Amino acid sequence: MSGRTKFTWEQRLEAVEMCLSGDYSYTEVAKKFNTVDSTLRKWISSYKNDGVDGLKESHIWRKYPLELKLAAANDYLSRKFSLLECCEKYN
């Protein structure tokens with residue numbers, strides 16, 4: 001498998017907007033787009049963090065400063081935040 005997406009950013013945006021509108025459940029949207037709830041949650045998180053750009057394919061690895069990595073690890077290990085909360089907080 002190539003690892004390339006089978007969804008355009010426009011399709012991802014449509015799915016995210018459907019979920020965020022509250023008119024559809026994640027399960028309904030997942031079925032419509034032939035994907036799973038966890039994929040939708042990932043798209044929504046990306047959208048909330050980076051807007052539409054978060055839904056576009058990126059071929060660039062982000063480099064995070066050591067201080068940011070340590071802060072995220074400390075927050076997680078001290079049980080201040082869940083793994084998901086740390087990911088959202090530190091992007």
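The values are calculated or read from the model by the stated rules, or taken from the named source; none is laboratory data. Predicted, not measured: the structure shown is a model, and the values here were computed from it. Methodologically, a virtual Cβ is constructed for each residue, glycine included, from the backbone with ideal geometry; neighbour enumeration extends over all protein chains shown.
Here are some notes:
- Within the range 23-53, the set of residues being more than 21 Å from residue 88 (Cα to Cα) and part of a loop (DSSP other than H, G, I, E, B) comprises 23, 24, 25, 33, 34, 35.
- Scanning the range 54-82 for residues that are of a type in the set (D, E, K, R), at pLDDT below 90 and surrounded by 10 or more Cβ atoms within 10 Å (Cβ to Cβ) yields 56, 57, 80.
- So residue 32, is it at pLDDT 90 or above and of a type outside the set (Phe, Trp, Tyr): yes
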